[in-house]
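Visitor: A single structure is presented below for examination.
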Amino acid sequence: MNREIHQWHSPRLNKNMEIAVYGHYGFALLMFPTAAADYLEYERFQVIDALAPFIDAGKVKVFSINSINSESWLNDAVEPRQKSVRHQQFNGYVCDEVAPFIHHHCQGRVPIITAGASFGALHAANTLFRRPDLIDGCIAMSGSYDLKDYTQGYWDEDVYFNSPLDYLPNLTDETQLGQLRAKRHIHFVSGQGAYEKPSSSVAIDHVLSLKQIPHTIDLWGHDVNHDWPWWRKMLPHYLGTKF
């Protein structure tokens, strides 16, 4: 498997940011880490190994980026407003720096599917819903799609516009809705075991159904916990059966 590490100084985040790339060909799978983890998390927890058959076959090319959650919603050393600002800066990094890097690395405009587990699932879904002109789908695993679960009671306009269960019900822009309704790959999957929150997937299912946005919701069993062994099964399952 081809493996590359790239990095650059992000002007939006004002720090050096790394990105791991796996494979040569295929659509781009843009992976967001969980919680406070880094760009090599999916490699360390053997998710990349689980995806190796699809990567080696040229079906998918994986781009795994750093998170800055430890500088935003998980950083209790700063004021809540600064957490919100940092989250918005991360959005700018993903859309204005990472996406062009992917297109350049793939030598053209390839489909970008976002993916992530836990906090990474929120980022994956939010990036798609905010920028359906740029992102072509998502695979969100074991996520909560209400940003307020992480804000400790803080609320501002940026929280609202990064919390899919808050802004999606009020989305009326027909251009954005049309772009979302044209997507073929909006997938939400959750276990129903320890530390999972299947109710959040059920809630996003309800909102997307009301907005007539095609999607799949998949609730796995009560023995399926919020943990890596299951995410190593979920992501290959979707790549193998939906793409």
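The values are calculated or read from the model by the stated rules, or taken from the named source; none is laboratory data. Just so it is clear, the structure is predicted and the values come from calculations on it, not from any experiment. Here the Cβ positions follow ideal geometry from the backbone for every residue, glycine too, while neighbour counts run over all protein chains shown.
Visitor: Kindly indicate whether any position in segment 178-200 is among the polar types (S, T, N, Q), assigned to a loop (DSSP other than H, G, I, E, B), modelled with pLDDT under 95 and within 28 Å of Y42 (Cβ to Cβ).
Guide: The answer is no; no qualifying residue exists.
Visitor: Let me ask you something else. Residues in segment 201-220: is at least one more than 15 Å from the chain's Cα centre (by Cα), part of a strand (DSSP E or B) and acidic (D, E)?
Guide: Looking through segment 201-220, at least one residue is more than 15 Å from the chain's Cα centre (by Cα), part of a strand (DSSP E or B) and acidic (D, E).
Visitor: Can you say whether A35 is of a type in the set (A, V, I, L, M, F, W, C), closer than 19 Å to W231 by Cβ and modelled with pLDDT of 95 or more, as far as the supplied structure shows?
Guide: Details: of a type in the set (A, V, I, L, M, F, W, C): yes; closer than 19 Å to W231 by Cβ: yes; modelled with pLDDT of 95 or more: no.
No: the conditions fail for A35.
Visitor: Out of the residues in segment 133-150 that are more than 13 Å from the chain's Cα centre (by Cα), of a type outside the set (A, V, I, L, M, F, W, C) and assigned to a loop (DSSP other than H, G, I, E, B), state the one that is surrounded by the fewest Cβ atoms within 10 Å (Cβ to Cβ).
Guide: D133
Visitor: Answer yes or no: is there a residue in segment 107-130 that is out of contact with any Pro (no Cβ under 6 Å at 6 or more places or on another chain), more than 28 Å from R3 (Cα to Cα) and surrounded by fewer than 22 Cβ atoms within 10 Å (Cβ to Cβ).
Guide: yes
Visitor: Out of curiosity, is K83 within 16 Å of the chain's Cα centre (by Cα) and basic (K, R)?
Guide: no
Visitor: Quick check, is I48 among the aliphatic types (A, V, I, L, M), in a helix (DSSP H, G or I), more than 18 Å from S10 (Cα to Cα) and touching a His at 6+ places or on another chain (Cβ under 9 Å)?
Guide: So I48 does not fit the description; no.
Visitor: Within segment 108-132, how many residues are under 14 Å from P164 (Cβ atoms), within 10 Å of the chain's Cα centre (by Cα) and not small (G, A, S)?
Guide: Total satisfying the criteria: 7.
Visitor: Could you tell me whether Y25 is within 25 Å of D136 (Cβ to Cβ), more than 15 Å from the chain's Cα centre (by Cα), assigned to a loop (DSSP other than H, G, I, E, B) and without any contact (Cβ under 8 Å) to a residue 40 or more places away in the chain?
Guide: yes
Visitor: Quick one: in segment 186-232, of everything that is of a type in the set (K, R) and closer than 18 Å to C138 by Cβ, which residue is surrounded by the fewest Cβ atoms within 10 Å (Cβ to Cβ)?
Guide: K211
Visitor: When residues of segment 62-106 are filtered for being assigned to a loop (DSSP other than H, G, I, E, B), free of Cβ contacts under 8 Å to residues at least 40 places away in the same chain and crowded, with 19+ Cβ neighbours inside 10 Å, how many remain?
Guide: 1
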